[in-house]
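Reviewing the structure listed below.
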Amino acid sequence: MLGIGIIQGLVETARNFFGSYTSKQRLTTVQFPDERLIQPEAARVFPFLVYDTDDWEKGLRCVACKICEVECPPQCISITKSADKKPDYSGIYSGKPQFYPEKFDIDVSVCMSCQICVEVCPFEAIKMDNAFELSTDDRFGGLMWDKQRLAMPNSHYQAIHPTDAAESDAALAEKKAKAEAKPAAAAAAAPAKPAPEKAGAATER
Amino acid sequence: MRAGLGGVMDEELKNLKAELSKHGVFTTTFEELYNWGRKNSVWPLTFGLACCAIEMIATTMARYDLARFGAEVFRASPRQADLIIVSGTVTKKMAPQVVRLYNQMPEPKYVIAMGACAISGGPFRDGYNVLKGIDRYIPVDVHIPGCPPRPEALIDAFMTLQKKIDAQQLTGEDRPRHLKEDLPSEFPVPEYGEHDLEPPNNAEVWNPLKVIQK
Amino acid sequence: MTVPFLILAAITIAGAVAAMTLRKLVHCALALAVSLVGLAGLYLDLGAQFVGLAQVLVYVGAVVILIVFAILLTRGDEPASPRVGRAVSGVMISACVFGVLVWAVVSGGAAQGTAAPSLAPISDIGHAMMSRYILPLEVVGLLLTAALIGAVVIAMEEKRRTK
Amino acid sequence: MTTQAVDQIFVTIKHWLVLQSPAVIQPAVSVLLSVLPLLIIFPSLFAVTTVLERKGLGRMQNRYGPNRVGPYGFLQPLADGIKALIKEDIVPVGADKLVHFLAPLLLVMTAFLEYAVIPVGRNMVVADMDSALVFFFAAGAAMEVSIFMAGWGSRNKYSMLGAMRAVAQMISYEAPLILSSIAVVMIAGSLSTTTIVERQAGYWGVWPYHWYVFTPWGMAGFVLFMIAATAESNRSPFDLPEGESEIIAGYFTEYSGFKFALFFLGEYLGMFAISGLAVTLFLGGWAAPLSFLTFIPSWIWFFAKLMTLIAGFIWIRGTLPRLRMDQLMNFAWKFMLPMTLVVIFSAGIWRFMPSGIVRWVVCAIPIVLLYWLLGRALMGGRKLEKRTYRFAE
């Protein structure tokens, strides 16, 4: 009959209206600055540089290998490699001194959050952050992030991406264990049987 | 001398106001009312360009509800809009239209550049067909990085804009652009040249950092 | 010759003059509307409430809107070039109409002197329409119905042809 | 104070104030005191309605709506008003300056004129004239002229299209609007709004038996009147004149700042006025809906009924999508017009039959029959089934 659809529609909106006072189903708004949606663990916005220990400058894992700079599709990363080497504060390079980024800039006004820098980094040094309240009226100062702005402790990574962080930490620990086991084993085995150990090390490599 | 005096007066006025509001007396200066009205009634232009526009639409929907700030009145006519959200890739074909829409808006007007493409061209920065940031032609108030930014990020930008409006003073050197008589409210609309848009940028609003070669 | 009469008459005449002299057709139509509203004001001033309001409803609400619509649909924005022949014929026609009106007024109501202004209440008009003037009313009604049906038929014909 | 004194408090105050003033200016004071309250009350009602509408629409769409400006967002219209005042006023270079300037003023003026004949309470009407209804519709006709002026004066093709749409729509829907109120005039035997309200007075037990909405022709007439009123005030789903998706903002595309606010105001004032007329014609005007509620002042009842109708407008707006132009015209001429004619016919039967249940049934039959027939014809055998989606679900 003519008009039945209109009445059905009116009933539905009326149910929405009155239901919004009683049911959460009919009032789905999350009032953003006061309430927040829980972001999924895989949520990502912009990269950050992981550091260990308390000192952001010394503890940076990054060794300025520039792989991410090369791989970045929109080319928003710019790295200047240091001339000298710094001691291994983060403790993942088994005490060997490493190069470090003298400058590490990411232009977040260009970054497209593709996460390729994270995928290609061999040192677990760059990860994705999920902070999104980044709006600024400063076009150049606010959107060109330098090393200091990018540095975040590993605990931050563990907080925002627990699963990934655990994997990353396990991988690093394994690597470290291997790296430590090698000289130790070599030292232990050296007097007794030098030849097989060398062969083993070679295969391992 | 005058500026110094004004500064002292401002300071005293603020102290007085804080004191009064402690005692439950609300004082409203004209400037506060002006800024309060402007910041709480920012009507955006119904204008979307690319994928960021989808996030902009999502922001107005039930889950995020931009209407809470009194900004759900998306006006289709630039004459009635206060804010243009440049949401997405500005191609060189579209840039003149964006500038024209901005010109058609009445003062005071604001611009939010949403997403990487609108700020800098983003991943298409090196393309032949994409404008490398809308701030080459019109003055942008708030930039939201992200590709695309989350709806919450747009709300955050909106609140940043409100804070910015609230902090503006109606007199003095820091007064907003629309109150400076010598500054224009319209900007030249670029035209298609032989190789690029002519002019490639508007020198009045485009103040890039100078790269100093050492 | 009271003050309201003078004001209303001035508005009416000014509107009519503007409707004749203005260059843009739409301005003329709006000036005509002003003139008609002034006329309605005159009716109201004379105590003929129904006639005055019907004047606004019919002339401003329908006739002027019709004129305006015709202008809109025909792009009549360019001012027509004035021609002497047209002006002469216009003056002649208006003179004829004016003459007829003067004759009607002189031979009709004014001849009986200043009769007491009949404040026709609206119910009297209704009674008159339904009793004394029932036949003309019905004829007019029939005519309008026929026109309405004719318009519908024309519109439907159009539709069938486009199919 | 007796209930009657409270009911008549504004009338008494006005009389007292008029008597206080010198005799020479007494007529002027009287007019001023009648008009001024309307000039204050209805714009403030407009402010309240905008925020309630935005919040209500929000609730219908599962969201909050404005709730951050002031307590519960109720200062939102104030902020909008300040903003509109300080906005730059743009007049396009090619525009007809005078017409462009006059259009919003004329719109608001005519909208205010319409309130002159609406009784907002017992003895509370600005101009109690014999042909009040004709006055109302005459003022509405002037509104069309102002909308045309806005569209033409802006010299913008979208404004022009919007104005043409608006005028076509308003003319089309004026016919059913007037015809459905003619049924009331036939039964009441008067064009005066106060008389129409008086004719509906009286109770049967506790029920307001004489309200015209409780007759078959009155109920149908009320529904048709409200539909036509929606179209007349350019409200959704008949808001084609400002269809954003096609013609930007219709006839006020080129208006900014305060002039645009005036258009906004005019639209709402028109809506209030026509709702007030609907209350007067069909819902017993300022009378209380139940006999034991008469102690509440009449003006409260009038505004309560008015706000109920406004809530209906908002509800409809939150529910229905915008019509297409041909659907709009078809609806006006193929459905509304025949229905209003049969309503008049039914009212004629009502006039001449003795009262009783038989009269009720006899009067209802032609209306229901035509509704059913028109429904069948217009639906054209189409069946509305639940739509299924292949990929979405």
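Between C:VAL139 and D:LEU38, the FRET efficiency from the beta-carbon distance, with R0 = 45 Å, is close to 0.60. Hydrophobic long helices, here whole DSSP H runs in chain D with Kyte-Doolittle means of at least -1.0 and Cα atoms spread over 18 Å or more along the helix axis, are found at D:26-60, D:97-114, D:132-153, D:157-188, D:216-232, D:257-282, D:298-319, D:337-352, D:357-379. Calculated accessible area for the range B:65-205 comes out at 36 Å² per residue, all protein chains present (probe 1.4 Å; ligands, DNA, RNA ignored). Equivalent ellipsoid of chain D: semi-axes from √(5λ) of the C-alpha gyration tensor, largest first, are 33, 32, 21 Å. Helix B:30-40 axis versus longest C-alpha principal axis of chain B: approximately 40°, rounded to the nearest ten.
Residues of the range D:316-334 that bury at least 50 Å² of accessible area when the other protein chains are present, relative to the chain alone (probe 1.4 Å, heavy atoms, ligands and nucleic acids excluded): D:THR319.
Leaving ligands and nucleic acids out of the surface, order D:TYR72, D:TYR173, D:TYR389 by accessible area at 1.4 Å, largest first.
On the way: D:TYR72 170, D:TYR173 0, D:TYR389 120 Å².
The ordering from most to least exposed comes out as D:TYR72, D:TYR389, D:TYR173.
For the range A:34-148, the relative contact order works out to 33 percent when only alpha carbon pairs closer than 8 Å and six or more residues apart are counted.
Per residue, the accessible area of the range D:3-378 comes to 40 Å² when a 1.4 Å probe rolls over the protein heavy atoms. Global size of chain B: 19.3, 67 Å for Rg and Dmax (C-alpha atoms, Rg to one decimal, Dmax whole). Taking every protein chain into account, the 1.4 Å probe leaves C:VAL88 with about 80 Å² of accessible area, to the nearest ten.
Compute the angle between helix B:95-104 and the longest alpha-carbon principal axis of chain B, please, reported from 0 to 90 degrees and rounded to the nearest 10. Taking Cα atoms only, the helix is inclined about 30 degrees.
Computed over chain B, relative contact order equals 19 percent, with contacts defined as Cα pairs under 8 Å that lie 6+ residues apart.
Of the whole protein surface, B:VAL130 contributes about 10 Å² of accessible area at a 1.4 Å probe radius. Here the spin labels are modelled as points 7 Å beyond Cα on the Cα-Cβ line, and at A:ALA181 and C:LEU22 they lie 9.7 nm apart.
When all protein chains stay in place and ligands, DNA and RNA are ignored, the 1.4 Å accessible-area order of B:LEU183, A:LEU49, D:LEU323, largest first, is B:LEU183, D:LEU323, A:LEU49.
Just want to confirm a number: the relative contact order over chain D, from Cα pairs under 8 angstrom separated by 6+ residues, in percent. It would help to have the intermediate numbers written out before the result.
Numbers: 545 pairs, mean separation 80.1, N = 393.
Relative contact order comes out at 20 percent.
Compared with the dominant Cα axis of chain A, that is its longest principal axis, helix A:194-204 is turned about 20°. Computed over the protein assembly as shown, the per-residue total of -39500 (n - 2.57) for DSSP H runs of n ≥ 4 gives a 222 nm mean residue ellipticity of -18000 deg cm²/dmol, rounded to 500. Remark: mean inter-chain Cβ contacts per residue of C:58-66 equal 5, using a 10 Å Cβ-Cβ cutoff to other protein chain atoms. Ranked by solvent-accessible area (1.4 Å probe, protein heavy atoms only, all chains present), the residues B:TYR34, C:TYR43, B:TYR137, B:TYR128 order from largest to smallest as B:TYR128, C:TYR43, B:TYR34, B:TYR137. From the Cα gyration tensor of the range B:82-204, with a ≥ b ≥ c the square roots of its eigenvalues, which class applies: rounded if a/c is under 1.5, or else prolate if a/b is larger than b/c, or else oblate? It is oblate, given that a/c is not under 1.5 and a/b is not larger than b/c. In summary, the lysines within cross-link reach of D:LYS83, defined as a Cα separation below 22 angstrom excluding same-chain residues under 8 places away, comprise B:LYS39, B:LYS109, B:LYS163, B:LYS164, B:LYS180, D:LYS55, D:LYS259. How much net charge surrounds A:SER168 when only other residues with a Cβ under 9 Å from its Cβ are counted (Lys, Arg +1; Asp, Glu -1)? Combined, the nearby Lys, Arg, Asp and Glu give -3. A Förster radius of 22 Å, combined with the Cβ-Cβ distance separating A:LYS24 from D:VAL223, puts the computed FRET efficiency at roughly 0.05.
What FRET efficiency, computed as 1/(1 + (r/R0)^6) with R0 = 35 Å and r the Cβ-Cβ distance, is obtained for D:ALA304 and D:GLN26, rounded to the nearest 0.05?
Details: r = 33 Å, r/R0 = 0.95.
With R0 = 35 Å, the Cβ-Cβ based efficiency is 0.60.
At q = 0.05, 0.08, 0.10 Å⁻¹, what is the log10 ratio I(q)/I(0) for the protein assembly as shown, with the Debye formula run over Cα points and no solvent? Normalising to I(0) and taking log10 leaves -0.44, -0.95, -1.31. Bridges between two residues of the protein assembly as shown, per DSSP, are antiparallel at a rate of about 60%.
The values are calculated or read from the model by the stated rules, or taken from the named source; none is laboratory data. Here the structure is a predicted model, which means the values were calculated and not measured. Don't worry about glycine lacking a Cβ; one is built from the backbone with ideal geometry, like all the others, and counts go over all protein chains shown. For the accessible areas, the whole protein counts, side chains as well, though only heavy atoms, and no ligand, DNA or RNA atoms are used. Shrake-Rupley method; radii C 1.70, N 1.55, O 1.52, S 1.80 Å.
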